[in-house]
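A.B. asks: Mind looking over this structure? Questions follow.
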Amino acid sequence: MTAPPVPHHLAIIMDGNGRWAQQRHRPRIIGHRAGARAVKRCVEFCLQRGIGALTLFAFSSENWSRPAEEVGGLMKLFLGALEREVEELHRLGAQLRFIGERGRFDASIQARMQAAETLTARNTRLYLNIAASYGGRQDIAQAARALAEDVAAGRLTAAQIDEDTLSARMALADQPAPDLFIRTGGELRISNFLLWQMAYTELWFTDALWPDVDATLLQAALDDYATRERRFGLTSAQIKGSPIGKTP
Ligand code: FPP
(Lines give C-alpha, C1' and ligand atoms only; values in the text may rest on other atoms or scores of the structure.)
Protein backbone atom coordinates (compact mmCIF):
# COMPACT_ATOMS: atom_id res chain seq x y z
CA MET A 1 0.00 0.00 0.00
CA THR A 2 1.28 3.45 -0.83
CA ALA A 3 0.99 6.24 1.71
CA PRO A 4 -1.66 8.84 0.86
CA PRO A 5 -0.15 11.84 -0.90
CA VAL A 6 0.91 14.70 1.32
CA PRO A 7 1.31 18.14 -0.26
CA HIS A 8 4.93 19.22 -0.69
CA HIS A 9 3.96 22.86 -0.30
CA LEU A 10 1.06 24.21 1.74
CA ALA A 11 -0.02 27.87 1.45
CA ILE A 12 -2.39 29.42 3.99
CA ILE A 13 -4.47 32.57 4.42
CA MET A 14 -4.90 32.76 8.18
CA ASP A 15 -8.22 34.62 8.39
CA GLY A 16 -10.58 35.16 11.31
CA ASN A 17 -8.37 36.47 14.12
CA GLY A 18 -10.46 39.61 14.52
CA ARG A 19 -13.78 37.75 14.67
CA TRP A 20 -12.32 35.23 17.14
CA ALA A 21 -11.48 38.13 19.48
CA GLN A 22 -14.82 39.86 18.84
CA GLN A 23 -16.71 36.68 19.83
CA ARG A 24 -14.91 36.92 23.17
CA HIS A 25 -15.49 40.69 23.51
CA ARG A 26 -11.74 41.25 23.42
CA PRO A 27 -9.60 43.64 21.33
CA ARG A 28 -8.57 42.37 17.90
CA ILE A 29 -4.92 42.07 18.92
CA ILE A 30 -5.92 39.27 21.31
CA GLY A 31 -7.13 37.37 18.25
CA HIS A 32 -3.82 37.96 16.49
CA ARG A 33 -1.93 36.67 19.55
CA ALA A 34 -4.09 33.54 19.53
CA GLY A 35 -3.36 33.38 15.78
CA ALA A 36 0.36 33.31 16.52
CA ARG A 37 -0.18 30.26 18.77
CA ALA A 38 -2.04 28.60 15.89
CA VAL A 39 0.97 29.31 13.65
CA LYS A 40 3.11 27.25 16.05
CA ARG A 41 0.62 24.35 15.93
CA CYS A 42 0.62 24.55 12.14
CA VAL A 43 4.43 24.48 11.90
CA GLU A 44 4.51 21.47 14.26
CA PHE A 45 1.92 19.73 12.09
CA CYS A 46 3.94 20.32 8.91
CA LEU A 47 7.09 18.97 10.55
CA GLN A 48 5.23 15.87 11.78
CA ARG A 49 3.58 15.20 8.43
CA GLY A 50 6.72 15.75 6.33
CA ILE A 51 5.33 18.78 4.46
CA GLY A 52 8.38 20.40 2.90
CA ALA A 53 7.23 24.00 2.51
CA LEU A 54 4.71 26.20 4.29
CA THR A 55 3.83 29.71 3.13
CA LEU A 56 1.79 31.86 5.51
CA PHE A 57 0.08 35.13 4.57
CA ALA A 58 0.92 37.15 7.69
CA PHE A 59 0.36 40.69 6.40
CA SER A 60 -0.87 41.88 3.02
CA SER A 61 0.16 45.06 1.19
CA GLU A 62 -3.39 46.27 1.94
CA ASN A 63 -3.19 45.55 5.70
CA TRP A 64 -1.12 48.74 6.21
CA SER A 65 -4.42 50.64 5.84
CA ARG A 66 -5.95 49.03 8.96
CA PRO A 67 -6.36 51.24 12.08
CA ALA A 68 -2.95 52.42 13.33
CA GLU A 69 -3.50 50.70 16.69
CA GLU A 70 -4.00 47.30 15.04
CA VAL A 71 -1.02 47.75 12.68
CA GLY A 72 1.16 48.78 15.63
CA GLY A 73 -0.01 45.75 17.65
CA LEU A 74 0.75 43.42 14.76
CA MET A 75 4.24 44.92 14.34
CA LYS A 76 4.93 44.32 18.04
CA LEU A 77 3.67 40.77 17.66
CA PHE A 78 5.91 40.13 14.61
CA LEU A 79 8.96 41.58 16.35
CA GLY A 80 8.28 39.51 19.48
CA ALA A 81 7.86 36.34 17.41
CA LEU A 82 11.12 37.06 15.57
CA GLU A 83 12.91 37.58 18.89
CA ARG A 84 11.49 34.51 20.61
CA GLU A 85 10.83 31.83 17.99
CA VAL A 86 13.67 31.91 15.48
CA GLU A 87 16.21 29.92 17.55
CA GLU A 88 13.70 27.11 18.08
CA LEU A 89 12.70 27.09 14.40
CA HIS A 90 16.39 26.84 13.52
CA ARG A 91 16.82 23.92 15.95
CA LEU A 92 13.86 22.19 14.28
CA GLY A 93 15.46 22.55 10.84
CA ALA A 94 13.21 25.25 9.37
CA GLN A 95 14.56 27.66 6.76
CA LEU A 96 12.90 31.05 7.09
CA ARG A 97 12.15 33.33 4.17
CA PHE A 98 10.24 36.62 4.09
CA ILE A 99 8.53 37.62 0.87
CA GLY A 100 6.99 41.02 0.14
CA GLU A 101 8.06 44.66 0.45
CA ARG A 102 10.20 44.37 3.54
CA GLY A 103 11.47 47.93 3.10
CA ARG A 104 8.12 49.13 4.49
CA PHE A 105 8.83 47.60 7.92
CA ASP A 106 10.76 49.31 10.72
CA ALA A 107 14.52 48.84 10.61
CA SER A 108 14.38 46.67 13.76
CA ILE A 109 12.01 44.20 12.07
CA GLN A 110 13.97 44.23 8.81
CA ALA A 111 17.19 43.47 10.69
CA ARG A 112 15.54 40.54 12.51
CA MET A 113 14.14 39.19 9.24
CA GLN A 114 17.58 39.30 7.65
CA ALA A 115 19.21 37.69 10.70
CA ALA A 116 16.59 34.89 10.74
CA GLU A 117 17.16 34.18 7.04
CA THR A 118 20.92 34.12 7.48
CA LEU A 119 20.81 31.88 10.56
CA THR A 120 18.49 29.31 8.96
CA ALA A 121 19.75 29.50 5.36
CA ARG A 122 21.19 25.99 5.33
CA ASN A 123 18.19 24.20 6.84
CA THR A 124 16.15 21.97 4.57
CA ARG A 125 13.57 20.16 6.73
CA LEU A 126 10.86 22.81 6.31
CA TYR A 127 10.90 25.90 4.10
CA LEU A 128 8.88 28.37 6.17
CA ASN A 129 7.92 31.35 4.03
CA ILE A 130 6.26 34.35 5.64
CA ALA A 131 4.44 36.69 3.27
CA ALA A 132 4.68 40.12 4.91
CA SER A 133 3.60 43.29 3.14
CA TYR A 134 3.06 40.92 0.24
CA GLY A 135 0.70 41.18 -2.72
CA GLY A 136 0.47 38.78 -5.66
CA ARG A 137 0.07 41.59 -8.20
CA GLN A 138 3.02 43.44 -6.71
CA ASP A 139 5.07 40.20 -6.98
CA ILE A 140 4.21 39.89 -10.69
CA ALA A 141 4.96 43.60 -11.24
CA GLN A 142 8.40 43.37 -9.62
CA ALA A 143 9.24 40.29 -11.73
CA ALA A 144 8.19 42.18 -14.88
CA ARG A 145 10.34 45.15 -13.80
CA ALA A 146 13.35 42.89 -13.23
CA LEU A 147 12.96 41.44 -16.72
CA ALA A 148 12.59 44.93 -18.23
CA GLU A 149 15.84 45.93 -16.52
CA ASP A 150 17.56 42.84 -17.97
CA VAL A 151 16.34 43.76 -21.46
CA ALA A 152 17.41 47.41 -21.03
CA ALA A 153 20.87 46.24 -19.91
CA GLY A 154 21.16 43.84 -22.85
CA ARG A 155 21.23 40.69 -20.67
CA LEU A 156 17.99 39.39 -22.21
CA THR A 157 16.00 39.96 -25.41
CA ALA A 158 12.27 40.68 -25.35
CA ALA A 159 11.75 37.45 -27.33
CA GLN A 160 13.25 35.47 -24.44
CA ILE A 161 10.51 36.57 -22.07
CA ASP A 162 8.23 33.62 -21.46
CA GLU A 163 6.61 31.81 -18.50
CA ASP A 164 9.95 30.34 -17.41
CA THR A 165 11.90 33.61 -17.38
CA LEU A 166 9.06 35.37 -15.56
CA SER A 167 8.66 32.46 -13.09
CA ALA A 168 12.35 32.68 -12.26
CA ARG A 169 11.86 36.28 -11.06
CA MET A 170 8.83 35.60 -8.86
CA ALA A 171 9.02 35.10 -5.10
CA LEU A 172 9.71 31.45 -4.13
CA ALA A 173 11.04 30.66 -7.62
CA ASP A 174 13.37 28.07 -6.09
CA GLN A 175 10.53 26.13 -4.41
CA PRO A 176 7.82 23.94 -5.93
CA ALA A 177 4.49 25.76 -6.41
CA PRO A 178 1.94 25.29 -3.62
CA ASP A 179 0.03 22.00 -3.95
CA LEU A 180 -2.65 22.93 -1.46
CA PHE A 181 -4.08 26.29 -0.39
CA ILE A 182 -6.09 26.63 2.79
CA ARG A 183 -8.14 29.66 3.78
CA THR A 184 -9.81 29.84 7.17
CA GLY A 185 -12.49 32.32 8.21
CA GLY A 186 -15.20 31.46 5.68
CA GLU A 187 -14.32 33.81 2.78
CA LEU A 188 -14.09 32.11 -0.62
CA ARG A 189 -11.34 34.11 -2.31
CA ILE A 190 -7.56 34.23 -2.63
CA SER A 191 -7.20 37.95 -1.87
CA ASN A 192 -4.09 38.79 -3.91
CA PHE A 193 -2.02 35.96 -2.37
CA LEU A 194 0.35 33.93 -4.61
CA LEU A 195 -1.52 34.68 -7.85
CA TRP A 196 1.15 33.40 -10.25
CA GLN A 197 2.35 30.50 -8.11
CA MET A 198 -1.15 29.11 -7.43
CA ALA A 199 -2.21 28.55 -11.05
CA TYR A 200 -2.72 24.79 -10.42
CA THR A 201 -2.98 24.72 -6.63
CA GLU A 202 -5.85 22.77 -5.03
CA LEU A 203 -8.07 25.08 -2.96
CA TRP A 204 -9.64 24.23 0.43
CA PHE A 205 -11.82 26.57 2.46
CA THR A 206 -13.17 26.30 5.99
CA ASP A 207 -15.42 28.44 8.21
CA ALA A 208 -13.12 27.74 11.16
CA LEU A 209 -11.40 30.86 12.48
CA TRP A 210 -7.59 30.79 12.34
CA PRO A 211 -6.97 30.82 16.13
CA ASP A 212 -9.09 27.63 16.40
CA VAL A 213 -6.97 25.72 13.88
CA ASP A 214 -5.42 22.51 15.14
CA ALA A 215 -3.99 19.26 13.78
CA THR A 216 -7.46 17.71 13.33
CA LEU A 217 -8.58 20.51 11.03
CA LEU A 218 -5.32 20.54 9.07
CA GLN A 219 -5.57 16.76 8.69
CA ALA A 220 -9.11 17.16 7.28
CA ALA A 221 -7.67 19.44 4.59
CA LEU A 222 -4.94 16.91 3.80
CA ASP A 223 -7.47 14.06 3.65
CA ASP A 224 -9.54 16.02 1.13
CA TYR A 225 -6.40 16.87 -0.86
CA ALA A 226 -5.55 13.15 -1.02
CA THR A 227 -8.81 12.52 -2.91
CA ARG A 228 -8.18 15.19 -5.56
CA GLU A 229 -7.15 14.27 -9.07
CA ARG A 230 -4.66 16.88 -10.25
CA ARG A 231 -4.92 17.08 -14.02
CA PHE A 232 -2.85 20.20 -14.86
CA GLY A 233 -5.03 20.74 -17.93
CA LEU A 234 -4.79 17.12 -19.17
CA THR A 235 -7.61 14.56 -19.29
CA SER A 236 -8.34 12.10 -16.52
CA ALA A 237 -7.31 9.20 -18.81
CA GLN A 238 -3.97 10.83 -19.52
CA ILE A 239 -3.32 11.37 -15.85
CA LYS A 240 -4.11 7.82 -14.63
CA GLY A 241 -0.82 6.10 -13.93
CA SER A 242 1.15 9.28 -14.54
CA PRO A 243 3.44 10.48 -11.75
CA ILE A 244 1.86 13.96 -11.82
CA GLY A 245 -1.65 12.65 -11.14
CA LYS A 246 -1.29 12.50 -7.39
CA THR A 247 1.88 14.13 -6.20
CA PRO A 248 3.54 11.90 -3.57
C1 FPP B 1 -6.35 37.96 9.27
O2 FPP B 1 -7.38 37.96 10.25
C3 FPP B 1 -5.04 37.91 9.91
C4 FPP B 1 -4.07 38.84 9.79
C5 FPP B 1 -4.21 40.08 8.98
C6 FPP B 1 -2.78 38.72 10.52
C7 FPP B 1 -2.19 37.34 10.59
C8 FPP B 1 -1.26 37.29 11.72
C9 FPP B 1 -1.12 36.27 12.58
C10 FPP B 1 -1.79 34.96 12.45
C11 FPP B 1 -0.26 36.52 13.76
C12 FPP B 1 1.07 35.93 13.82
C13 FPP B 1 1.77 35.57 12.58
C14 FPP B 1 3.08 35.26 12.55
C15 FPP B 1 3.69 34.78 11.29
C16 FPP B 1 3.94 35.36 13.77
P17 FPP B 1 -8.35 39.20 10.34
O18 FPP B 1 -7.77 40.17 11.31
O19 FPP B 1 -8.61 39.76 8.98
O20 FPP B 1 -9.64 38.55 10.94
P21 FPP B 1 -11.16 38.98 10.67
O22 FPP B 1 -11.46 38.70 9.21
O23 FPP B 1 -11.94 38.10 11.58
O24 FPP B 1 -11.26 40.44 11.01
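A.B. asks: Over all distinct alpha-carbon pairs, what is the Kirkwood Rh of the stretch 1-66 in angstrom?
C.D. replies: 13.7
A.B. asks: Find how many whole Å separate the alpha carbon centroid of the stretch 138-184 from the alpha carbon centroid of the stretch 45-114.
C.D. replies: 23
A.B. asks: Let me ask another. What's the carbon and sulfur percent of the chain's accessible surface, probe 1.4 angstrom, rounded to a whole number? Walk me through the intermediate numbers first.
C.D. replies: Numbers: 6970 of 12970 Å².
Result for the chain: 54 percent of the exposed heavy-atom area is carbon or sulfur.
A.B. asks: Sequence gap at least 6, Cα distance under 8 Å: using those rules, report the relative contact order of the chain to the nearest whole percent.
C.D. replies: On the way: 373 pairs, mean separation 71.3, N = 248.
Answer for the chain is 29 percent.
A.B. asks: Let me ask something else. At most 12 other Cβ atoms within 10 Å and a DSSP loop assignment: could you name the trypsin sites (Lys or Arg not before Pro) in the stretch 21-63 that fit? Kindly include the intermediate steps, with their values, before the conclusion.
C.D. replies: Values: sites: 24, 28, 33, 37, 40, 41, 49; in loops: 24.
Answer in residue order: 24.
A.B. asks: For the chain, state the semi-axes of the equivalent ellipsoid (square roots of 5 times the eigenvalues of the alpha-carbon gyration tensor), sorted largest first and rounded to whole angstrom.
C.D. replies: On the way: eigenvalues 160, 130, 63 Å².
For the chain, the ellipsoid semi-axes come out as 28, 25, 18 Å.
A.B. asks: Assuming R0 = 41 Å, can you tell me the calculated FRET efficiency for the pair residue 107 and residue 216, based on Cβ-Cβ distance, to the nearest 0.05? Could you put the intermediate results ahead of the total?
C.D. replies: Working: r = 41 Å, r/R0 = 0.99.
Efficiency, from the Cβ-Cβ distance: 0.50.
A.B. asks: I'd like to check one number: the per residue accessible area of the chain, probe 1.4 Å, reported in Å² as a whole number. Present the calculation step by step, with values, prior to reporting the outcome.
C.D. replies: Working: 12970 Å² over 248 residues.
Value returned for the chain: 52 Å² of accessible area per residue.
A.B. asks: By its C-alpha gyration tensor, with a ≥ b ≥ c as the square roots of the eigenvalues, how is the stretch 132-248 shaped: rounded for a/c under 1.5, else prolate for a/b larger than b/c, else oblate?
C.D. replies: Verdict is oblate for the stretch 132-248.
A.B. asks: Could you please put 69, 85 in sequence from largest to smallest accessible area, using a 1.4 Å probe? Please list the in-between numbers first.
C.D. replies: Values: 69 160, 85 45 Å².
The residues order as 69, 85, largest area first.
A.B. asks: What ranking do 12-21, 150-159, 115-124 get when scored by the average of other Cβ atoms within 10 Å per residue, highest first? Don't skip to the answer; put the middle values down first.
C.D. replies: Values: 12-21: 22.0, 150-159: 10.4, 115-124: 14.7.
Going from most to least packed, we get 12-21, 115-124, 150-159.
A.B. asks: Related question: Provide 127, 200, 225 ordered by accessible surface of protein heavy atoms (probe 1.4 Å), highest first. Mind dumping the intermediate values first?
C.D. replies: Values: 127 65, 200 130, 225 5 Å².
Output order, biggest surface exposure first: 200, 127, 225.
A.B. asks: For the residue pair residue 71 and residue 149, what label-to-label distance in nm results when each label sits 7 Å from Cα along the Cα-to-beta-carbon direction?
C.D. replies: Roughly 2.5 nm, to one decimal.
A.B. asks: What does the extension gain come out to for residue 114 and residue 84, with contour length at 0.36 nm per residue minus their alpha carbon separation? Walk me through the numbers before you get to the answer.
C.D. replies: Working: separation 30, 0.36 × 30 = 10.80 nm, distance 1.51 nm.
Contour length minus the Cα-Cα distance gives 9.3 nm.
A.B. asks: Against the empirical 2.2 N^0.38 Å scaling, what ratio does the C-alpha Rg of the stretch 33-77 come to?
C.D. replies: Scaled against compact globular proteins, the figure is 1.42.
A.B. asks: Then there's this: So if R0 is 41 Å, what FRET efficiency would residue 44 and residue 238 give, r being the distance between their Cβ atoms, rounded to the nearest 0.05? Walk me through the numbers on the way to the answer.
C.D. replies: On the way: r = 38 Å, r/R0 = 0.92.
Efficiency at R0 = 41 Å is approximately 0.60.
A.B. asks: Roll a 1.4 Å probe over the protein heavy atoms and report the accessible area of residue 32 in Å², nearest 10.
C.D. replies: 20
A.B. asks: Determine the gain in length on full extension of the stretch residue 162-residue 188; use 0.36 nm per residue of separation and subtract their C-alpha separation, reporting nm with one decimal.
C.D. replies: On the way: separation 26, 0.36 × 26 = 9.36 nm, distance 3.06 nm.
Full extension of this stretch gives 6.3 nm more.
The values are calculated or read from the model by the stated rules, or taken from the named source; none is laboratory data. Worth saying up front: this structure is predicted, and the values here are computed from it rather than measured. Reconstructed Cβ throughout: ideal geometry from the backbone, glycine too, with neighbour counts over all protein chains shown. Side chains included, ligands, DNA and RNA excluded: accessible areas come from the protein's heavy atoms. Shrake-Rupley method; radii C 1.70, N 1.55, O 1.52, S 1.80 Å.
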